[in-house]
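Reading through the structure tokens given below for one structure.
Bear in mind these aren't lab numbers, they're just calculated from the coordinates by the rules spelled out. All values derive from a computational prediction rather than experimental measurement. Here the Cβ is made from the backbone with ideal geometry for all residues, glycine too, and neighbour counts use every protein chain on show.
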Amino acid sequence: LPTTLIHSGTLVCMDAAGTVARGDLLVRDGRIAALGEAVPAALGGRAPDRRIDATGAFVLPGLIQAHVHLCQTLFRGLAEQADLMRWLRESIWPLEAAHTSESLAASARLGLLELVAGGVTCVNDMGTVRHTEALGAVLESAGVRALFGKALMDRGEGVPPALLDDPAAALAECRELAGRFHGAGEGRLAVTLAPRFILSCSDRLWDGVAALAREAGLVVHTHIAESPSEGREVERAVGRTAARHFAAHGVLSARFVGAHGVWLDDEELRLVKEHDAALVHCPGANLKLGSGLAHVRAWRDAGIRRGIGCDGAACNNRLDAFHELSLAGLVARARDPAAPLAPRDALALATREGARALGLERVAGALEPGLAADVVVLDARGPHLGPEPEADPYATIVHAARAADVRLTMVAGRVLYEDGRWTTLDPGEALGAARAERRGLLRRAGRAA
Ligand SMILES: [Zn+2]
């Protein structure tokens, strides 16, 4: 890996002190070696192998997407229902059931093209029930940092038989996946357990997930309290609300990552905090499906570990981390105008806090010496960021910047995207494959193309 000097940018470090300073950032052996005034000494008189000019740009920690469904990128525009349960039963599950390894890989590549070009360096992906090795192979070759798992489903009204597993066999497959992929890609990949949500998982499955997560130290990635109709079905099915159900099964823990959390009551938020579990805010998906407004400012005030995610292209429909950050600020305002989410707290959801939510705080999430060189260079010269982008860098980045302003995305010191070019993904090939695979998928799902 080349030693790289990112030169003369505005470093928005997202460290504990909230450092913002103009200066250089030195990358060596895939890690951040030095920042600002410490760079010359770290270089020791030697020239870097590569120099990247960041004049007129912000330099940020790589953005972390703590809840995504790359398998759904092919479904963009195919699922426009405005209710979670109808959206799942009528569109998403039948489409996921029609995936092959090839269509899943094409879907993941298309999603990663968009995410990487938009400054995303790390994803926590829910996967789908089948073909998880194909997803792992794409994540490994794309060079991103990723947690991913096989979606677990063993029951549920309206679930196609092709998506239903036997719990013991499904957990055995998770063990095999962990053996193959946990720590792969020079440590960039981690395998999670991904029970989809309460309505798709039996008590036996939740107990198995809790036991395997404890034994193997795996993150449990699921959905929690997303929509009112789901909440009513959950109470009918298990006789209690989501966080109480997870706590009762031993699933709620410091390894728990739950997406949405829109409808958690005060006692459930206390349970989440007591167990040091993490929640992931998905404002775009919540707004588009009409699920509600999560109280992310309350999560912050309660000290709950938290991240942000675009969810999937079938319910958002964009995988633009900057758009999502702005929405987080807007949703907090709408939820309680007197308790907004400051732009710095919003950006933290995709950086410092997002890393903590996924247990990656010793790996990524800030520009600090010793952390992985997961770095984004964001051009700040566009008129939509002017006239003075540095007056409040956090407000500029969260409420004015766009994914298209990203000039460079680096993961562990390796450039994955720079000025319209991808190094590990081929946009022509990926788009062509996505179109072809979408046609085949629709045919298999019995839908007109
Ligand atoms: Zn989701």
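Expressed in whole Å with the largest first, what are the equivalent ellipsoid semi-axes of the range 253-374 derived from the C-alpha gyration tensor as the square root of 5 times each eigenvalue?
In descending order the semi-axes read 21, 18, 14 Å.
Taking just the alpha carbons, could you work out the radius of gyration and Dmax for the range 179-298, both in angstroms?
Just the Cα atoms of the range 179-298 yield Rg and Dmax of 14.5, 45 Å.
Kindly give Rg over Rh for the chain, based on alpha-carbon atoms, with the Kirkwood expression for the hydrodynamic radius.
My calculation of the ratio gives 0.96.
To the nearest 10 degrees, how steep is helix 167-181 against the longest Cα principal axis of the chain, on a 0 to 90 scale?
Computed tilt is about 20 degrees.
Taking a ≥ b ≥ c as the square roots of the Cα gyration tensor eigenvalues, with a/c under 1.5 meaning rounded and otherwise prolate when a/b beats b/c, else oblate, which class fits the range 297-366?
oblate
Rg and Dmax of the range 118-264, Cα atoms, in Å?
15.0, 45
Tilt of helix 228-238 relative to the longest C-alpha principal axis of the chain, in degrees (0 to 90, nearest 10)?
Once rounded, the angle reads 50 degrees.
What are the ³J(HN,Hα) values, in whole Hz, obtained from phi via the Karplus relation 6.51 cos²θ - 1.76 cosθ + 1.60 with θ = phi - 60°, for each residue of the range 287-297 in sequence order, with x given for Gly and Pro?
So the Karplus estimates, Gly and Pro as x, are 5, 6, 7, x, 7, x, 10, 5, 9, 5, 5 Hz.
Using a 10 Å cut-off around each Cβ, can you sort HIS384, HIS67 from fewest to most neighbouring Cβ atoms?
HIS384, HIS67
Average the reciprocal distances over every distinct pair of alpha-carbons in the range 326-449, invert the result, and give the Kirkwood radius in Å.
17.5
Report the normalised scattering of the range 335-383 as log10 I(q)/I(0) at q = 0.24, 0.25 Å⁻¹, calculated by the Debye formula with identical scatterers on the alpha carbons.
Here log10 of I(q) over I(0) equals -0.91, -0.94.
Which whole-number value in Å³ per residue fits the convex hull of the alpha carbons of the range 92-150?
That works out to 73 Å³ per residue.
Hey, what D do you get for the range 1-69 in µm²/s if you plug the Kirkwood alpha-carbon radius into Stokes-Einstein at 20 °C and 1.002 mPa s?
167
Using only Cα atoms and rounding to the nearest 10 degrees, what angle (0 to 90) does helix 101-117 make with the longest principal axis of the chain?
Between the helix axis and the principal axis of the chain, the angle is about 40 degrees.
How far apart, in nanometres, would the label points at ALA169 and ALA248 be if each is projected 7 angstrom from Cα along the Cα-to-Cβ direction?
2.9
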